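K.L.:
Just dropping this structure here.
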Amino acid sequence: MWAATIAAGLALAAPSGPAEIAYVHGPAIWSARADGSGAHVLVAAPAHTALGEPRWSPDGSRLAYSSSPSENASQIMVFDGAAAQPVTALRKNVAESSPAWSPDGSRVAFTRVGGRRPRDWTSSVVIRDLATGAEQTLAHVRVFPRLSSLAAPSWSPDGRLIAYTESRLDRHADFRPEIRVVPAQGGSSRRLIADAQEAVWAPDGRRLAFSSVRDRHGRRCGSDECWFAGELYTSDASGHGLVRLTRTEGDEAAPEWSPDGSRILFTSDRNLPSENADASEVYSMAADGSCETWLTNGTPSSGVGTWRPGSGDSYDPGSCDPAARGVTDEARPPSAQPAALWFGTTHDGLLYTRTEHDGATRIFDYDDCARFAPPCAPPADVISEPACRLASVRGLADNAFRLLHVHGALVAYYDSQANAHVLSGSAITSLQIPGPNSVADVRRAVAALRPLGAAAPPPRLASPEIPRAFARMLEHTARVHRRLGAGAARALHLNPGTVRDRLRLRRALHGYRIASCR
C-alpha cells in the first residue's frame, strides 16, 4: 500500500452549493471549489513520486490517478478517503496512465506502454475489473518505429463504447492524433475524428468535447519531433457537426464535462504559451465556449482537472470576466536573507510563484501572469548568490561586460540577449529576463529590485562588496600593469583582453567594500 497524506476528508458536501474539482499541481493532487477558491492538498505524493491525471468515480467517493515513483514506471492508484490502494502492480519499464471509470464504477480503463525491450514496446488500452482484477486489452499498437501511442480512454455514458486517442509521427516528424472508438466488450476499433484527441462524452451522450489540431495554429517541437497546439471543439456523438470553442495561442487540452453538462473543465498554457511544462493552468467555460475563466491563476504547472460528482450543484465560476478575478496564488514570500534582492510579488505583469534553492543560491521564479492578459510576458528569474563565492565574482572580471552604475549598484551586462548581473551588498543578483533587452530595459529592471521584506524598491541599493581574495587579485593586476604596462599580460599569464577587463571592473568598483566571508 502506498501512503497518502490527506489535507481534507472526502465526505461529500451538501447537494447544494459550489461543486468541487480536483487537479494536479506540483507533486500533489489538489481540491478546490468550482470558482477556484478554497484550494488545498487532497493527496500528497510519497517522496520522489509524481501524481497525475486524477479522475473522480461516478459517485464521487473514490479518486483514481497515476503514480510514478521513477521515470520508467507508473501505476494506477485509487484513493477512497482513507488510503491509496494500488489498482495495478508497479513494473519496471511499464507506464500506466489516464484512468477512466466505467459508468457503474466497477471497472477502470487506462493506458499501458512498455515491454521487456524497447524494440518490443507496445501501447495499449486496458480495462481492469476492480473486484476480480481481471484485465482485458481493447486495443494495442507497436510503439516503434513511428512512436505510436494510445492515450486518454473515455467511456460513453451507456458504457457501450470507449473512445481513445491514437497518435503517431507522420513523414514530417509531426505527431498526428486521431480519436477512435472500440466496443467496451471488445471488438474492432474505428476512427471517429481525424486530427483530434482526448474525447469525452457529455453526460447525456449526445455530444463529444475534444482537443483538435486541425487548425495548425501553433507548432511545438522537442528534440526530434513536433506537435501542434490544440483548440477545443465539440461535435455530435458521431463525430460530425464540429463547433470550435477556443481561439488562442495556447495548447487547449484535457476537457471534462461537468455532471450537468453546463460547463467544461480544461487545461491550457494560453497565458504563457511555450514548451515550458510549468505553463499550464486549469480553466472552465460554458458548454458553448462562452464565459471562459481561469481557476488556478497564480498556480502554474497545474492541470488535468476533474469534477467531483455529488459535491455540489453549482458549477458557476463566480465571474465570466477573468480579468476581474484576483490571483489565487499560494506562493508565500521568501524568508529574509541578508543582501538577497528580488522583484517583490509581481514584476512587469508577471507573478512570483516560488523560490528554488541550490545551496546558498536562491532562484526566485516569475513564471505566471499577475493578471489575465494572454499572452503574458515570458517567464523571468532572479538568482541571488553570495558574492563570497570567488568563482562567481571572478567570472565578472574575465568577460567583456558592459558596466553600468544603477541606483548605487554595479551592473555587468553583456548584450541584448544576455543576463544582467547586479553587484550590490554581499550578493550577486543575476536577472534572467528574456530579451532582447536594451540598456534602458536593464536599468528599469534593476530599479525594480528590492531587499527581501522591503515593501518597495529603495532609492539606492547597497554598494558592492567583494571577497578579500578577489580584491587582492584586482589590486595585484593593477600594480603589475602600472609597472609593466603592455607587458602585464605576459607577466600575469593572461591575455591582454582579460587584463583590460579586470582593470575596467576595478575602476567601476571604486569605493568597494570587503565582504565578510566566513
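Derivation of every value follows stated rules applied to the coordinates shown; laboratory data play no part. As the structure is a prediction and not an experimental result, all values here were calculated from the model. In this analysis, Cβ positions are derived from the backbone assuming ideal geometry, glycine residues included, and neighbour counts consider all displayed protein chains.
K.L.:
Report, to the nearest 10°, how far helix 496-508 tilts away from the longest principal axis of the Cα atoms in the chain, using its own Cα long axis and a range of 0 to 90°.
P.N.:
It works out to around 90 degrees.
K.L.:
Taking neighbour Cβ counts within 10 Å as the exposure measure, how do Y315, Y65 sort from fewest upward?
P.N.:
Neighbour counts put them in this order, fewest first: Y315, Y65.
K.L.:
Then there's this: Taking amide H positions as placed 1.01 Å from N in the peptide plane, with prolines and chain starts having none, which residues 5 or more places from C376, or on another chain, fall under 5 Å of its amide H?
P.N.:
Placed amide hydrogens put L272 under 5 Å from C376.
K.L.:
Could you derive backbone 3J(HN,Hα) for segment 231-245 from the dihedral phi with the Karplus parameters 6.51, -1.76 and 1.60 (θ = phi - 60°), listing whole Hz in sequence and x where the residue is Gly or Pro?
P.N.:
Values, residue by residue: 10, 7, 9, 10, 8, 6, 5, 8, x, 9, x, 5, 10, 7, 9 Hz.
K.L.:
Compute the angle between helix 468-484 and the longest alpha-carbon principal axis of the chain, please, reported from 0 to 90 degrees and rounded to the nearest 10.
P.N.:
Helix 468-484 and the main axis of the chain meet at about 50 degrees.
K.L.:
Put a dot 7 Å past each Cα toward the Cβ at S438 and D80; how far apart are the dots in nm?
P.N.:
Between D80 and S438, the simple spin-label model gives 6.6 nm.
K.L.:
Next question. Between the alpha-carbon centers of segment 207-280 and segment 428-505, tell me the distance in whole angstrom.
P.N.:
Result: 47 Å between the Cα centres.
K.L.:
Quick one: length gained pulling S238 to R119 fully straight, 0.36 nm per residue minus the C-alpha distance?
P.N.:
39.3 nm
K.L.:
Further question: I'm checking a number: the convex hull volume of the Cα atoms of the chain, normalised per residue, in Å³. What is it?
P.N.:
181
K.L.:
Now, a different point. Using a 10 Å cut-off around each Cβ, can you sort E356, E465 from fewest to most neighbouring Cβ atoms?
P.N.:
Neighbour counts put them in this order, fewest first: E356, E465.
K.L.:
Using Cα-only point scatterers and the Debye equation, what is log10 of I(q)/I(0) for segment 20-315 at each q in 0.09, 0.10, 0.13, 0.16 Å⁻¹, rounded to two decimals?
P.N.:
Log10 I(q)/I(0), no solvent term: -0.39, -0.49, -0.88, -1.47.
K.L.:
Further question on the same structure: Rg (Å, one decimal) plus Dmax (Å, integer) for the alpha carbons of segment 135-201?
P.N.:
12.1, 39
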